[in-house]
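Working notes for the structure below.
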Amino acid sequence: MNKISLVYYSATGNTEQMAKAIEEGIVEAGGKVTVYKANEMNKEDILSSDVIVMGSSATGAEVIDENDMLPFMEEAGDKFKGKKVYIFGSYGWGGGEYADNWKAQLEGFGANIVAMPILANENPNDDELAQLKEIGKKLVTI
């Protein structure tokens with residue numbers, strides 16, 4: 001069974017709802033997950049996981065959290081090489097382009113993005129939350 005770490009940044013609570021749906025799916029599938037808010041993350045524990053799940057709402061000019069998430073990724077860099085990673089998030093303007101850039105950056109570090117990101121425009125709807133729960137279930141055995 002995979003060791004899974006989930007770290008997220010949520011400015012308004014929307015991305016936090018999404019993280020909880022993923023966590024629920026993992027637990028329902030019999031998996032265990034350690035969940036961190038971005039400003040409380042244990043970087044070594046996260047990087048030692050089999051699967052790293054990261055969520056961030058879009059901030060500033062359509063970028064991920066610049067206080068904790070972005071510095072963590074840039075510091076870790078090649079430590080993502082070969083890691084199974086899933087990203088998700090929410091946005092309130094633009095079209096969620098930040099996720100494409102985020103995915104490309106992680107792939108540049110050598111990460112294996114295990115599924116297409118699910119993004120919510122503002123508050124996640126029931127369908128998006130159900131999809132995230134299903135992804136959580138799949139993360140247990142990928």
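The values are calculated or read from the model by the stated rules, or taken from the named source; none is laboratory data. What you see is a predicted model, and the numbers here were worked out from it, not measured in a lab. FYI the Cβ positions are ideal-geometry reconstructions off the backbone, even for glycines, and counts take in every protein chain you see. Accessible surface is based on the protein model in full, side chains and every heavy atom, while ligands, DNA and RNA are left aside. Shrake-Rupley method; radii C 1.70, N 1.55, O 1.52, S 1.80 Å.
With all protein chains present, how much of the accessible area of the chain (probe radius 1.4 Å) comes from carbon and sulfur, to the nearest whole percent? Mind dumping the intermediate values first?
Values: 3060 of 6690 Å².
Summing carbon and sulfur atoms, their accessible area is 46 percent of the total for the chain.
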(message) Restricting to Cα atoms and excluding each atom paired with itself, what does the Kirkwood estimate give for the stretch 65-107 in Å?
(response) 11.4 Å
(request) Report the net charge of residues surrounding Val33, where surrounding means a beta-carbon distance below 12 angstrom and charges are Lys +1, Arg +1, Asp -1, Glu -1. (result) -1
(request) Mind listing the long-range amide H neighbours of Val140? Cut-off is under 5 Å, sequence gap 5 or more, other chains count too, H placed in the peptide plane at 1.01 Å from N. (result) none
(request) Per residue of the stretch 55-70, in order, report the coupling 6.51 cos²θ - 1.76 cosθ + 1.60 (Karplus, θ = phi - 60°) as ³J(HN,Hα) in whole Hz, putting x for Gly and Pro. (result) x, 8, 6, 6, 10, x, 8, 6, 9, 6, 3, 8, 7, 10, 5, 4
(request) Rounded to whole Hz and in sequence order, give me ³J(HN,Hα) for the stretch 6-21 from the Karplus expression 6.51 cos²θ - 1.76 cosθ + 1.60, θ = phi - 60°, writing x for Gly and Pro. (result) 10, 10, 9, 10, 9, 6, 10, x, 5, 5, 4, 4, 5, 4, 5, 5
(request) Calculate for the chain the 222 nm mean residue ellipticity that helices alone would give, adding -39,500 (n - 2.57) per DSSP H run of length 4 or more and normalising by residue count, nearest 500 deg cm²/dmol. (result) -11500 deg cm²/dmol
(message) Taking amide H atoms as placed 1.01 Å from N in the peptide plane, list the residues 5 or more away in sequence, or in a different chain, whose amide H sits under 5 Å from that of Lys83.
(response) Asn112
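Counting only DSSP beta bridges with both residues in the stretch 2-138, what percent are antiparallel, rounded to the nearest 5?
Working: 1 of 23 bridges.
Percentage antiparallel, nearest 5: 5.
For Ile4, what charge total do you get from the other residues with a beta carbon under 10 Å from its beta carbon, if Lys and Arg give +1 and Asp and Glu give -1?
Working: positive: Lys3, Lys32, Lys84; negative: Glu23, Asp50.
Summing Lys/Arg as +1 and Asp/Glu as -1 gives +1.
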(message) Show me, for the stretch 91-106, the HN-Hα J-couplings you get by feeding each phi into the Karplus relation (A = 6.51, B = -1.76, C = 1.60, θ = phi - 60°), rounded to Hz, glycine and proline as x.
(response) 8, x, 8, x, x, x, 4, 4, 5, 5, 5, 4, 4, 4, 5, 5
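Computed from the mean reciprocal separation of all distinct C-alpha pairs, what Kirkwood hydrodynamic radius does the stretch 1-64 have, in Å?
Result for the stretch 1-64, one decimal place: 12.2 Å.
Report the per residue volume, in Å³, of the convex hull enclosing the C-alpha atoms of the stretch 27-96.
Values: hull volume 8.1 nm³, N = 70.
In the stretch 27-96, the Cα hull volume divided by residue count equals 116 Å³.
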